[in-house]
Structure formats: structure tokens, C-alpha cells
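The values are calculated or read from the model by the stated rules, or taken from the named source; none is laboratory data. Here the structure is a predicted model, which means the values were calculated and not measured. FYI the Cβ positions are ideal-geometry reconstructions off the backbone, even for glycines, and counts take in every protein chain you see.
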Amino acid sequence: MKKLLGKPRFKIIPRELLPEIAQKIYPELLVLQSQMEKLHPAELTAHYLLLFLKTWKPKTWCEGSIPHADVKNIHENSIIYFIATNRLRLCSPRINRALVEWYRGNYSILLLPNIPTAKKLLAYQINGKRVVNLFFGKEEIASYIHDERDAFSFVCHDLMHADHFFEDRLIQQTQIEFYKCMREAEEKGFLKEPLADPVFKTQWEYLISDMNAHGEHLKQAFQAFLRGYFLRSIGKYESDTLPVSTLDEYNKIIYSLAPPPSPRGSESVCV
């Protein structure tokens, strides 16, 4: 799939603007919510994003057309046609592509009303799926979700993650294999003691649900998080070296997840 250039991320709506925006768009959101059974989920999500964007940036929400846009298999009357052919203010091109490929059926994305747990999202990813959450509650759209970001940028965040996940199928497969290792580690109790540590638990849940990277990078992050846990458990700094006694415990977990050596010596993404 073609690599995208352009704005790398998206912008978060300032907290102080949300009550006014929410008051303006809430009636239209209710109408949009009533169309959930009629619209493709990608179309519903596109309408949702544009409703926020047009209200937040009424004069500059669209930055113009995209030259030579690929509109194959997109009906001209669909809002996705507009998404495929126009640049959106403050939005990465990845957001456009995620919506377009979702509509085409190339991205397996689930539209959910509630934020899934990290373990639930892990299961979705193992099955080759990502999720998008839309929030319709008046209080939800008038404040930050989990005190982190507004509903608009939350959806942008979900779409960005989806595009990263599906962009390169070879990298996606390394992620899925790593996620399988993490599920096995948790189910077999290898991580029972580390997961009782709040710091490691937070890091691990981020790793399995919100970190887009090649499987090898995920493996390295896991090893660093696990090493940090063992160092904290004996009162050491995370920059210190593991003593032999603790190193044995660390290696026990690492080796328990390592698959049998490949006869060809090929590298595995398991830890």
C-alpha cells in the first residue's frame, strides 16, 4: 500500500470550546445516530467527524481537493466520495484513507458504542480487526473522554491506529503473532506477578492495545517493561543491570514464551 505523506496526526479540540460545540451539534448528532442502521459504518463515522470539524473550523474545515484521487468502487453520492477527494483541516491523510478502505471492505473495523478493555482489543487484533468508538452522549461530547481528549480526536485516533494496523500486511502479521504470545503469557499465568504491579500493568495494556509497531519493536518494548518491573521489585532504578538472581526470574518468563528454534534460524516476533 502506498505510503502517505502530509500532516502526521490530528488536533485535539481545546477543552474550553467543547461545551459550546456540544450545544450546537447535539441535535444533529441525535439525527445521525438514528441513521446507524441505514448508513455504512464508515459513512456514519465520516458524517460524525465532519459535524465536529465544520462546527470547530467553520471557514477552514476543508483544505481543497486531492489531485488524481482514487475513487474506485465509491458511489458519487456517498460522503466517502468527498472524503476520498478532499483534504480535511487538521486531519492526517491516514484518516481519509482509513474511512475509504473501511467503506471498500479492505479494512476490518468494528464500530462500537463503548471503549473495549485492553484484553478485548487484544482479542480483536489477534483476529485482524480494529475498532472505532463514536460517542453520542451530550456530556461525553462536551468534555474530554477519560480526561484525555475530545470525541472528535478520539475517533481520529482510532482511525489512525486502524490505518497503521492495516497499511502493511506483513508488519500486521508480526504484530498479530506478538499479540498471540502476549495472550498466551497472560492465560498461562506467566505474567501473574508482573501484572499485579500497577506500572507494568499500565505499560502492558498500552502495549497490547494502543501501540502500533513492527512485532520486533513490540517485543523489545515488552522486554524493557518486564526488566523495569523486576528492577523496581528489588528497589533498583530502571537503568540498572538486573542481578543474577532476578535475571533468572526474568529469563524464565522470556524463555517460556520463546518458540522452538527454527531449523532455518529465522527470527520470531515472540519474546
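For the range 112-145, filtering for residues that are over 13 Å from the mean Cα position of the chain (by Cα), of a type in the set (Val, Ile, Thr) and modelled with pLDDT under 95 leaves 1.
Restricting the first member to the range 49-67 and to residues that are within 26 Å of Ala142 (Cα to Cα) and at pLDDT 95 or above, and the second to residues that are of a type in the set (Val, Ile, Thr) and in a loop (DSSP other than H, G, I, E, B), the beta-carbon pairs closer than 9 Å and six or more apart or on different chains are Phe52/Ile13; Trp56/Ile13. Considering the range 198-217, the residues that are hydrophobic (A, V, I, L, M, F, W, C) and crowded, with 17+ Cβ neighbours inside 10 Å include one that is nearest to Ile176 (Cα to Cα), namely Ile208.
Counted as qualifying within the range 124-212 are the helices (runs of 4 or more DSSP H) with 1 or more residues that are more than 22 Å from Lys24 (Cα to Cα) and touching a residue at least 40 places away in the same chain (Cβ under 8 Å), namely 151-167, 169-187, 198-209.
Report yes if Val269 is over 30 Å from Ile13 (Cα atoms), among the hydrophobic types (A, V, I, L, M, F, W, C), surrounded by 15 or more Cβ atoms within 10 Å (Cβ to Cβ) and modelled with pLDDT under 95, otherwise no.
Working: over 30 Å from Ile13 (Cα atoms): yes; among the hydrophobic types (A, V, I, L, M, F, W, C): yes; surrounded by 15 or more Cβ atoms within 10 Å (Cβ to Cβ): yes; modelled with pLDDT under 95: yes.
Taking the combined requirement at face value, the residue satisfies it.
I need the full set of residues from the range 97-111 which are within 12 Å of Val155 (Cα to Cα) and either modelled with pLDDT under 95 or not in a strand (DSSP E or B) (or both), in order please. Selection gives Ala98, Leu99.
Residues of the range 89-116 being among the polar types (S, T, N, Q) and farther than 27 Å from Pro58 by Cα, which ones?
The first filter runs over the range 89-116 and keeps only residues among the polar types (S, T, N, Q), leaving 92, 96, 106, 108, 114.
Hits for the range 89-116 are Asn106, Ser108, Asn114.
Pick from the range 42-75 the residues that are among the polar types (S, T, N, Q) and under 20 Å from Phe135 (Cα atoms): which of them is surrounded by the fewest Cβ atoms within 10 Å (Cβ to Cβ)?
Going through the range 42-75, the residues among the polar types (S, T, N, Q) turn out to be 45, 55, 60, 65, 73.
Okay, now just the ones that are also under 20 Å from Phe135 (Cα atoms), so 45, 55.
Numbers: Thr45: 27, Thr55: 19.
That would be Thr55.
Take Ser108 and decide whether it is of a type in the set (Gly, Ala, Ser) and under 21 Å from His68 (Cβ atoms). For Ser108, the condition - of a type in the set (Gly, Ala, Ser) and under 21 Å from His68 (Cβ atoms) - is not met.
The set of residues in the range 163-208 being modelled with pLDDT of 95 or more and among the small types (Gly, Ala, Ser) consists of Ala196 alone. Of all residues in the range 75-88, which are assigned to a loop (DSSP other than H, G, I, E, B) and at pLDDT 95 or above? Result: no residue meets the conditions. Select, from Glu37, Glu20, Glu28, the only residue that is among the charged types (D, E, K, R) and modelled with pLDDT under 95. Sole residue among the options that is among the charged types (D, E, K, R) and modelled with pLDDT under 95: Glu37.
Go through the residues of the range 55-63 one by one and say whether even a single one is farther than 30 Å from Thr202 by Cα, in contact with a strand residue (DSSP E or B) (Cβ under 6 Å, 6 or more places away or on another chain) and outside any strand (DSSP E or B). No, that holds for no residue.
The numbered conditions (1) exposed (fewer than 13 other Cβ atoms within 10 Å of the Cβ); (2) under 22 Å from Gln173 (Cα atoms); (3) among the small types (Gly, Ala, Ser) are all true for Gly235 except (2). Every condition in (1) over 19 Å from Ser108 (Cα atoms); (2) surrounded by fewer than 16 Cβ atoms within 10 Å (Cβ to Cβ); (3) in contact with a Phe, Trp or Tyr (Cβ under 9 Å, 6 or more places away or on another chain) is met by Gln220 except one, and the failing one is (3).
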